[in-house]
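For reference, the structure discussed in these notes is given below.
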Amino acid sequence: MTRPAYDVAAIRTAEAAVLARVGDLALMQRAAHGLALTCVRLLDQCYGSTVALLVGSGNNGGDALFAGAELAGRGAAVTAVLTGSRSHPSGTAALRRAGGRIVSADQRAAEVAVSTADLVLDGVVGIGGHGPLASRPADLLDLAVATGAVIVAVDVPSGVESDTGQVDGDAVWADVTVTFGALKPGLVVAPGALHAGLVEVVDIGLRAELSVAPPALEVLDADDVAALLPQPDAASDKYSQGVAGIVAGSTRYPGAALLTTGGALYAKAGLVRYAGPAAKQVVGRWPSAIVVDGPPDAAGQVQAWGIGPGIGTDAAAARTLGDVLAADLPTVVDADALTLLARHPDLLAQVHGRTAPTVLTPHDREFTRIAPDLDLETDRVAAAAALARRLGATVLLKGVTTIVATVDRVPLVNPTGTPWLANAGTGDVLTGLLTAYLAAGLDPHLAAGAAAFVHGLAGHLASNGDRQPLTSDDLVHALPRAYGLFGDD
């Protein structure tokens, strides 16, 4: 099932409904118990371990204090470092009763507690926090990182905007984030996702209330993607599995044609037709492709087009893009074709006027060329959704976390990938994958999400679990292994 992520407003509304039934203290103790259990699992041995709590003034600090009290009851030596002007009264009392120590952040004892801790809990600010982590907590957390302590964030790493993932200045780098009730967007959208580490969701009884609230975004999982991937059956033939048309490459960039075609072929397209000046190279590398050294309308019938990688940005390329868009078939627009859209308002208007699905696959610079007024720095999900509405298209915004936005749909965030995919030609492979999925008849929103997932998974495999560089050719040849993980031989 897709995993939903909810913004602060939805979480607060759900919490209010539960609080009316069980009370503030009971809900906090549910959260703290789940937090404490995670900490127990992370410690080699709870009894005799040292734990430091960085405690803010709000409920997030209260969660940390109650969890600390439970850890102290299990034999850990727990010190709470108060970073604010006050602390949660009931949580403070619980920790004292359990034998925990409480010190102020400006005391020398705070530095000693953090620098000698096996585990540090970040309970400075929670989902309502804004802006960077204050300097003193940031300095203390630097000590924890230097000494190798396990850092666990409470609900969301301090300094990360819960609704957007924005980080403006210092923020906690957590090994694990224990979040309550549901995922938050800032835990799955970069840069916040990079600060969150491994994310564990603790059920505190919000599920029924959240089930009637629209999520801010959704995260595809492997089961979702496995159910979406086209699978042949006994009655299938090359046409029923989808005919993908590829317009990519040039005499200067023939490799783009090879990579895009390879991506489409390994995505199990029944047939791939290629149109362009790299026809000879394509058929030499991929003999099963049907090629023509000519315009798209000479390639034969297709069910979806992928256009852009390596085609150039001259007048001839602009005319070719216009012809493909005019065919009004499902179309992926990538790379040079995106640059052409930015340069030619008439082509951008053509996208808006199409009835067939259009999927744009920009990276940040391409996005900004098309929509310089939309702010990627503040909220990437909102920016992608705004461009999707403006053009009536699906937008697959590439990045550390790839985002898929479509008009009137909950945005998707892709959980797979590797930094090694920041490499020339890897996006061409994604275009081939996505074109094949559209040709097979997949809904464009889900097709884009599935393509990003498989692409990221193949990148992870090609980089040997993110441990070594990869080339775009390595990525193409890792696609069958990625499919194998879904049980497709």
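Out of (1) touching a residue at least 24 places away in the same chain (Cβ under 8 Å); (2) more than 30 Å from residue 318 (Cα to Cα), what's the single condition that is false for residue 201?
It fails just one condition, (1).
Within the group 48, 58, which residue is more than 22 Å from residue 112 (Cα to Cα) and either buried (at least 22 other Cβ atoms within 10 Å of the Cβ) or not hydrophobic (A, V, I, L, M, F, W, C) (or both)?
On the way: 48 fails: more than 22 Å from residue 112 (Cα to Cα).
Of the residues listed, the single one that is more than 22 Å from residue 112 (Cα to Cα) and either buried (at least 22 other Cβ atoms within 10 Å of the Cβ) or not hydrophobic (A, V, I, L, M, F, W, C) (or both) is 58.
Only one of these conditions is not met by residue 290: (1) in contact (Cβ under 8 Å) with a residue 24 or more places away in the chain; (2) over 11 Å from residue 247 (Cβ atoms). Which number is it?
Condition not satisfied by residue 290: (1).
Could you tell me whether any residue of the range 269-280 is farther than 30 Å from residue 387 by Cα, in a loop (DSSP other than H, G, I, E, B), in contact with a Lys or Arg (Cβ under 8 Å, 6 or more places away or on another chain) and not aromatic (Phe, Trp, Tyr)?
yes
Are any of the residues in the range 390-409 out of contact with any helix residue (DSSP H, G or I) (no Cβ under 9 Å at 6 or more places or on another chain) and surrounded by fewer than 19 Cβ atoms within 10 Å (Cβ to Cβ)?
no
May I ask you to list the residues in the range 326-340 that are over 19 Å from residue 264 (Cβ atoms) and over 26 Å from the mean Cα position of the chain (by Cα)?
Residues satisfying the conditions are 326, 328, 340.
Look through 413, 395 and report the one residue that is β-branched (Val, Ile, Thr), modelled with pLDDT of 95 or more and closer than 21 Å to residue 325 by Cβ.
Working: 413 fails: closer than 21 Å to residue 325 by Cβ.
Testing whether each residue is β-branched (Val, Ile, Thr), modelled with pLDDT of 95 or more and closer than 21 Å to residue 325 by Cβ leaves just 395.
Going by the structure shown, is residue 18 touching a residue at least 12 places away in the same chain (Cβ under 8 Å), out of contact with any Asp or Glu (no Cβ under 8 Å at 6 or more places or on another chain) and either among the β-branched types (Val, Ile, Thr) or surrounded by fewer than 23 Cβ atoms within 10 Å (Cβ to Cβ) (or both)?
no
Of everything in the range 84-124 that's surrounded by 20 or more Cβ atoms within 10 Å (Cβ to Cβ) and among the charged types (D, E, K, R), which residue is nearest to the chain's Cα centre (by Cα)?
Ranking the candidates gives 122 first.
In this structure, is residue 428 among the charged types (D, E, K, R) and in contact (Cβ under 8 Å) with a residue 40 or more places away in the chain? Steps first, answer last, please.
Numbers: among the charged types (D, E, K, R): yes; in contact (Cβ under 8 Å) with a residue 40 or more places away in the chain: yes.
It is true that residue 428 is among the charged types (D, E, K, R) and in contact (Cβ under 8 Å) with a residue 40 or more places away in the chain.
Checking the structure you have, find out if any residue of the range 286-294 is surrounded by fewer than 23 Cβ atoms within 10 Å (Cβ to Cβ) and under 30 Å from the mean Cα position of the chain (by Cα).
For the range 286-294, residues surrounded by fewer than 23 Cβ atoms within 10 Å (Cβ to Cβ) and under 30 Å from the mean Cα position of the chain (by Cα): absent.
Restricting to the range 1-15, what's the tally of residues that are touching a strand residue (DSSP E or B) at 6+ places or on another chain (Cβ under 6 Å) and either within 22 Å of residue 166 (Cα to Cα) or surrounded by 20 or more Cβ atoms within 10 Å (Cβ to Cβ) (or both)? Show your work before the answer.
Kept after step one, since they are touching a strand residue (DSSP E or B) at 6+ places or on another chain (Cβ under 6 Å), are these residues of the range 1-15: 2-5.
Keeping just the survivors that are either within 22 Å of residue 166 (Cα to Cα) or surrounded by 20 or more Cβ atoms within 10 Å (Cβ to Cβ) (or both) gives 3-5.
Residues that pass the stated criteria total 3.
Collect the residues in the range 2-44 that are hydroxyl-bearing (Ser, Thr, Tyr) and assigned to a helix (DSSP H, G or I), keeping them in residue-number order. Outline the logic, then answer.
From the range 2-44, those hydroxyl-bearing (Ser, Thr, Tyr) are 2, 6, 13, 38; that's our starting set.
Hits for the range 2-44 are 13, 38.
Checking the conditions here, which among 74, 41 is closer than 19 Å to residue 199 by Cα and free of Cβ contacts under 8 Å to residues at least 40 places away in the same chain? Let's see the steps before the verdict.
Values: 74 fails: closer than 19 Å to residue 199 by Cα.
Exactly one of 74, 41 is closer than 19 Å to residue 199 by Cα and free of Cβ contacts under 8 Å to residues at least 40 places away in the same chain, namely 41.
Which of the residues that make up the range 371-385 are within 13 Å of residue 398 (Cα to Cα) and β-branched (Val, Ile, Thr)?
Initial filter on the range 371-385 (within 13 Å of residue 398 (Cα to Cα)): 376, 380-381, 383-384.
Residue satisfying the conditions is 381 alone.
Could you figure out which of (1) touching a residue at least 40 places away in the same chain (Cβ under 8 Å); (2) within 24 Å of residue 268 (Cα to Cα) isn't true of residue 461?
(1)
Can you go through 336, 346, 375 and tell me which one is within 30 Å of residue 168 (Cα to Cα), of a type outside the set (Gly, Ala, Ser) and not assigned by TED's automatic domain parsing to the domain that holds residue 167?
Only one candidate qualifies: 375.
Only one residue in 113, 171 is touching a residue at least 24 places away in the same chain (Cβ under 8 Å), touching a Lys or Arg at 6+ places or on another chain (Cβ under 9 Å) and on the phi < 0 side of the Ramachandran plot, so which one is that?
113
So which residues in the range 92-124 are part of a loop (DSSP other than H, G, I, E, B), closer than 20 Å to residue 48 by Cβ and of a type in the set (A, V, I, L, M)?
Hits for the range 92-124 are 98, 117.
The values are calculated or read from the model by the stated rules, or taken from the named source; none is laboratory data. Since this is a predicted model, take the numbers as computed values, not measurements. Note: ideal-geometry Cβ built from the backbone for every residue, glycine included; neighbour counts use all protein chains shown.
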